[in-house]
1. Rounded to the nearest 0.05, what FRET efficiency do Glu463 and Asn84 have when you use their Cβ-Cβ distance and R0 = 56 Å?
2. Indicate the gyration tensor shape class of region 325-380 (rounded, prolate or oblate), computed on the Cα atoms with a ≥ b ≥ c the square roots of the eigenvalues: a/c under 1.5 is rounded; otherwise a/b larger than b/c is prolate and the rest oblate.
3. Taking all protein chains as present, what is the carbon and sulfur share of the accessible area of region 455-580, in % to the nearest whole number, probe 1.4 Å?
4. Please work out whether region 56-125 counts as rounded, prolate or oblate from its C-alpha gyration tensor, where a ≥ b ≥ c are the square roots of the eigenvalues and a/c under 1.5 means rounded, while otherwise a/b larger than b/c means prolate and anything else oblate?
5. Heavy-atom accessible area per residue, region 455-580, 1.4 Å probe: how many Å²?
6. May I ask for the net charge around Ile110, where only other residues with Cβ less than 10 Å from the Cβ of Ile110 are counted and Lys, Arg are +1 while Asp, Glu are -1?
7. Got a sec? Which residues in region 196-232 would a label at His319 touch, if it sits 7 Å along Cα→Cβ and we count backbone N under 20 Å?
8. For region 269-344, run through the chymotrypsin sites (Phe, Trp or Tyr not before Pro) and keep only the ones in DSSP coil with at most 14 other Cβ atoms within 10 Å of their Cβ.
Amino acid sequence: MALRRAASLLLSPRLRSPIPATSRRTLNPLPPPPRRYFSPRPPPPVPASADAIADAAEEAFEAARTTNDMLASFSRLEAAVPANDKRLALACLKLGQHLEASGSADPSRILNLALRCLGILEASSRPTSASSSDAVSLAMALHLAGSASFDLSRFHDSLSFLSRSLRLLTPLLPGKDAAADAEQGFDVRPVAHAVRLQLANVKTALGRREEALADMRACLDLKEAILPPGSRELGAAYRDLAEAHAAVLDFKQALPLCQKALQLHESTLGNNSVEVAHDRRLLGVIYTGLEQHEQALEQNEMSQKVMKSWGAAGPDLLHAEIDAANIKIALGKFDEAVSVLKNVAKQVEKDSEMRALVYISMAKALANQEKAGDTKRCLEIACNILEKKEFSAPDKVAEAYVEVSSLYEMVNEFDKAISLLKRSLTMLERIPQAQHMEGNVAARIGWLLLLTGKVSEAVPYLEDAVERMKDSFGPKHYGVGYVYNNLGAAYMEMDRPQSAAQMFALAKEVMDVSLGPHHSDTIEACQSLANAYNTMGSYALAMEFQKRVVDSWRNHGPDARDELKEAIRLYNQIKEKALASLLPEDSTTALPEPQELESDSDSAKAARQ
């Protein structure tokens, strides 16, 4: 029709104008335009509402499975909803968790998503009226932020996030009432387990191993409540906790846990499973720590048998063979140990870390046979290999240097031992997860410097070791007591008996708790304290603690006859000094003969008189 109107407009003027007579001619009329039929124009689309667009974007995000799809749908959701929308917060949480699980993103990006989620959730919920679901969402966001901070080595930030998360989850944990658990609807125990496990990792990285053990214990309790009896995962949890106790040399606690893991894995997987092999190998390590070497060797051989039945000839089997050689060295079977190590050396690469471990163990066997020259040659080969691995595996190399230094110490190469320990300490200080080892290494450096007469150099290392070990293992760990004792000895060498007495008193206090008052090392600490007070001229205190030494050795029975005799001699010597200090210089009054001790009150009275 439009074309017809256009044609009529063009023709109308021409038809209405006068036609000259001279040019009269017949014109061919225009053909009629083709007839066209048009469908009615569709109505304009109605704009979709903002809520509908947001709902569609949310559905698309929930349906996404791959990382690329999730990122694309997240961008659409981000554009469709307000910046403070709770749906955006939950999307940030889900995307961050996905990226963390897949390992496909920088931890800083995951941290930004977690913080964005936290900001929205905290702004939209009030502490007094927040529902349990809001608290769980907030706790999960805090856990994500803590995990990302841990990956970025921001350990204190991670600890803060995770502690907040645990505080939110603790009131929501179900009790022992099964009916109440069913009514709650959402089980927060898996979330609490993830938070506790990450807390253990953070505290381990900070060197707070005792606190990390408490969190791992809580993880095991949660798994026992969540998992069905006989679960393979529960057996792995028992073994993980056993390994954690063994790492802090708490072998008595580690033993029953590892035995539970072994029993569970044998009942569910059979005697020849890989899990059983790992359990038995750990049992061998624990029995070695308990100095039950025959049982350790038996478990190690059974572990190797299972591994060989599965055709496993990799690093696990080689490490088990090296462990077996070390156990044989402890049993005095040096030739057998060397034979095992030579066989392992044929199976490893020339410059591999495993080869260095072989030479270290071989040096241990030779050192116990007092073959100093061969020991040093093996240690030199091991050190040459380890130097090449310092950047690729600094934690393992630093630990190996500590063991090498102890062997140099056995062959009286103290300067070489101290040098390697200092090298190890420098490497450990650059590894955040190895803070628990720093205190041990610093303590050993201080002890060797003290042993070689370099007292002024030893004191800073010992003082530093005390603080590091207290942070890592707690103030009552027996290792802290030994460092206090060595520090007291250093102060005595520097003629500072008052400072020494303080350190010996702290050492005795720690050892009383960790080792018991009648342990030989606790008695020695008490003896050192008595000596310090004797040097200071505080004879009443010296007699009091010397009396405790006498009583403690007497409780040991006939096996401590010589120690008891020496303790009584020292007591009588202190008593003579006490009496002499109170007598006039020109007095010739005879002192009483040393007699068998009767009671602490009598000795104190004599000193005061």
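The values are calculated or read from the model by the stated rules, or taken from the named source; none is laboratory data. Quantities reported herein were computed from a predicted structural model and do not represent experimental measurements. Here the Cβ is made from the backbone with ideal geometry for all residues, glycine too, and neighbour counts use every protein chain on show. Remember, those area values only see protein heavy atoms, side chains included, never the ligands or the DNA or RNA. Shrake-Rupley method; radii C 1.70, N 1.55, O 1.52, S 1.80 Å.
1. Details: r = 52 Å, r/R0 = 0.94.
Rounded to the nearest 0.05, the efficiency is 0.60.
2. On the way: a/c = 2.33, a/b = 1.30, b/c = 1.80.
Oblate, since a/c reaches 1.5 and b/c is not below a/b.
3. Working: 2800 of 5730 Å².
Carbon-and-sulfur percentage of accessible area, whole number: 49.
4. Verdict is oblate for region 56-125.
5. Values: 5730 Å² over 126 residues.
Spelled out: the 1.4 Å probe surface of region 455-580, per residue, equals 46 Å².
6. Values: positive: Arg109; negative: Glu100, Asp106, Asp151.
Result for the neighbourhood of Ile110: -2.
7. Within reach of a label on His319, which here means backbone N under 20 Å from a point 7 Å along Cα→Cβ, region 196-232 contributes 201, 204-205.
8. Values: sites: Tyr287, Trp310, Phe334; in loops: Trp310.
Counting only loop positions with at most 14 other Cβ atoms within 10 Å, the chymotrypsin sites (Phe, Trp or Tyr not before Pro) in region 269-344 are Trp310.
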